[in-house]
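Participant: Okay, here's the structure, questions in a sec.
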Amino acid sequence: MSNTINYRIRPLYQEESFLLRDFLYEAIFIPKGMETPPREIINTPELRIYLSWDSE
């Protein structure tokens, strides 16, 4: 049995760009017992920089 993982990195298709907003939101660390922030949190200046492609 091989432990090799085969993968391919490819450019993001424009129709997939909406996924990056979801990935950014899902990547927010929420400590146990804390309330989940609203999805609009990704529009704050601190996180918006990661979506700068979105405003171009």
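We did not get these values from a lab; they are worked out from the coordinates using the rules stated. Keep in mind it's a predicted model, so treat the numbers as computed, not measured. Note: ideal-geometry Cβ built from the backbone for every residue, glycine included; neighbour counts use all protein chains shown.
Participant: Cβ neighbours within 10 Å, averaged per peptide: list 17-27, 31-41 in order, most packed at the top.
Facilitator: Packing proxy ranking, top to bottom: 17-27, 31-41.
Participant: Grab the Cα-Cα distance for LEU19 and LEU47, subtract it from 0.36 nm times how many residues apart they are, and report the gain in nm with one decimal.
Facilitator: 8.6 nm
Participant: Rounded to the nearest 500, what is the chain's calculated 222 nm mean residue ellipticity when only DSSP H runs of at least 4 contribute -39500 (n - 2.57) each, over all residues? Write out the running numbers ahead of the final one.
Facilitator: Numbers: 2 runs with 13 residues, N = 56.
About -5500 deg cm²/dmol.
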